[in-house]
Amino acid sequence: MLGHDSALDVYRQALPVVLVSLVAGLFAGTLLGTETMRDGIESVPGILLLLPAFLATRGGVYGSLGARLSSGLHQGVIAPRFEWNGRLRNAIVASFLNGMIVSVFIAVLAWGVMLALGRPASLLELVIVLFVAALLSAVAMLGVLLTVIFKGYRRGLDPDNVIGPVVTTVGDVFGVVFLLTGIAAAGAVL
């Protein structure tokens, strides 16, 4: 179990992750400015409306999972290696379901707002886009999150110092990429 970190320890552990997060965030922003993304946004009415909520929920849902796992490691109720036990499985399944349910809710809410504004939007299209994006981002987020938490902890890093920027970065980068994938999937289905 790790001891109490000094401010210098926290800074030393968090700074590299924050710098990587900054670069990756710029990359995600660059993706948003590409012609492919602009075309995707224009082809699916309501995408721009739901984009901030979708990206924010990646951080909220999987940040909570990271905090839960970090607390479990500090308390000794979760082993510092990946073991598929009840506590870990329940936390992962709950986060996955929360991410999926919230994403579908965001699609429905965006459709409702578009309707209220008198703008045409397809509920099915928005649900397909966000379902695909949420599913793919869940797999990516869980993979990265579990790797960073367990490997970092074993190497002496406090997950509390690094998991926030990691979740935010991975959620933004993969969220944008997988929204594009969801738009393509919806276009293929519809």
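Look at G175 and say whether it is assigned to a helix (DSSP H, G or I), modelled with pLDDT of 95 or more and closer than 22 Å to P52 by Cβ. No: the conditions fail for G175.
The residues on offer are G63, G46, G25, G99, and the sole one that is at positive phi and within 21 Å of the chain's Cα centre (by Cα) is G46.
Can you name the residue in the stretch 64-87 that is without any contact (Cβ under 8 Å) to a residue 60 or more places away in the chain and in contact with a Gly (Cβ under 8 Å, 6 or more places away or on another chain) and, of all such residues, is surrounded by the fewest Cβ atoms within 10 Å (Cβ to Cβ)?
R87
Restricting to helices (runs of 4 or more DSSP H) lying wholly in the stretch 1-116: which have 1 or more residues that are under 21 Å from A184 (Cβ atoms) and at pLDDT 90 or above? By residue number, 35-43, 47-75, 86-116. Would you say A7 is under 20 Å from G152 (Cα atoms), in contact (Cβ under 8 Å) with a residue 12 or more places away in the chain and small (G, A, S)? When the stated conditions are applied, A7 does not pass them.
Which of the residues belonging to the stretch 135-147 are surrounded by fewer than 21 Cβ atoms within 10 Å (Cβ to Cβ) and touching a residue at least 24 places away in the same chain (Cβ under 8 Å)? Step through it out loud before you land on a result.
Filtering the stretch 135-147 down to residues surrounded by fewer than 21 Cβ atoms within 10 Å (Cβ to Cβ) leaves 135-136, 139-140, 142-144, 146-147.
Within the stretch 135-147, L135, L136, A140, L142, V144, L146 meet the criteria.
Given the structure, is V170 among the β-branched types (V, I, T) and under 21 Å from G40 (Cβ atoms)? Criteria met by V170.
The values are calculated or read from the model by the stated rules, or taken from the named source; none is laboratory data. Since we're looking at a predicted model, the values are computed, not measured. Here the Cβ is made from the backbone with ideal geometry for all residues, glycine too, and neighbour counts use every protein chain on show.
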